[in-house]
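For reference, the structure is listed below as structure tokens.
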Amino acid sequence: MGLFDKKYCDICGGKIGLLGNRKLDDGNLCKECSKNLSPFFNERRHSTVNDIKDQLDYREANKAEVSNFHPTKTLGAGSMKILLDEDAGKFIVTSSRRWQDANPDVMDFSQVTGCETEIDENKNEIKRKTTDGKEVSYTPPRYKYSYDFFVKIYVNSPWFDEIKFRVNSSSDIERKGSVEYREAEKIASEIRSALTKVRQTVRDDIAAANAPKIAQNCPLCGATTIPDENGCCEFCGGALNV
Ligand SMILES: [Zn+2]
């Protein structure tokens, strides 16, 4: 096995150039094929050729989902945005302005298992220059702070379980409680409530479907009956809620 042994992609069969190989558990993947994987996927090294083939099939099918996606709301001030299709109960997270061409993963609100905000504090010391040009600390030391707001969405998907993105535009938050800080806080909580609200609706629907049935008197035959799945009397078949 020399350094210049040629490698071939186990997906498309193409020759893999120098530095172009993406190693898989049991094979090789070329750069071009790896571009078609989900941007939220990071388990490539632990994936088999078949895992990758399955995911590429899913990614291909996702294109039809993208063409049926009609955003009703866009949230986020950073390069990544979350687009909601509230009528269909679906969402995408993308940094692409022309998202229609980027094949972003279309997910159901019901795939969301959790959503949280993470605030990162970045601290950089401000130093002063002495007359001979050396950088020294102030006494006491002075710092410049900046804050970044991230939203972390946990999703139930075979290909990835977490989507994390910054909601504020880069390093414009210098102070806790500033206008920019509060704005980022607001965006993060809007995203959280949008995703958890629909999640709650889905849960409520499931709960309603599983709710214990209550016996009532049939107005048609007079029997005490537990409505069947169509809301009808189990004895005479008459509709109970007319
Ligand atoms: Zn390939």
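The values are calculated or read from the model by the stated rules, or taken from the named source; none is laboratory data. Keep in mind it's a predicted model, so treat the numbers as computed, not measured. FYI the Cβ positions are ideal-geometry reconstructions off the backbone, even for glycines, and counts take in every protein chain you see.
If the condition is being assigned to a strand (DSSP E or B) and either within 8 Å of the ligand (Cβ to nearest atom) or surrounded by fewer than 16 Cβ atoms within 10 Å (Cβ to Cβ) (or both), then region 10-30 contributes K15, I16, K23, L29. Somewhere in region 91-106, is a residue free of Cβ contacts under 8 Å to residues at least 60 places away in the same chain, assigned to a helix (DSSP H, G or I) and in contact with a strand residue (DSSP E or B) (Cβ under 8 Å, 6 or more places away or on another chain)? Within region 91-106, one or more residues are free of Cβ contacts under 8 Å to residues at least 60 places away in the same chain, assigned to a helix (DSSP H, G or I) and in contact with a strand residue (DSSP E or B) (Cβ under 8 Å, 6 or more places away or on another chain).
Kindly list the number of the only condition in (1) touching a residue at least 12 places away in the same chain (Cβ under 8 Å); (2) more than 16 Å from the ligand (Cβ to nearest atom); (3) farther than 30 Å from D148 by Cβ; (4) not in a loop (DSSP other than H, G, I, E, B) that fails for I82. Only one criterion is unmet by I82, namely (3).
Could you go through region 170-192 and let me know if any residue there is touching a Cys at 6+ places or on another chain (Cβ under 8 Å) and either in contact (Cβ under 8 Å) with a residue 60 or more places away in the chain or under 15 Å from V93 (Cβ atoms) (or both). So far as region 170-192 goes, yes, one or more of its residues are touching a Cys at 6+ places or on another chain (Cβ under 8 Å) and either in contact (Cβ under 8 Å) with a residue 60 or more places away in the chain or under 15 Å from V93 (Cβ atoms) (or both). The listed residues are S38, S34, and the only one of them that is closer than 29 Å to V151 by Cα, among the small types (G, A, S) and without any contact (Cβ under 8 Å) to a residue 24 or more places away in the chain turns out to be S34.
Scanning region 159-199 for residues that are part of a helix (DSSP H, G or I), among the hydroxyl-bearing types (S, T, Y) and modelled with pLDDT under 90 yields S193, T196.
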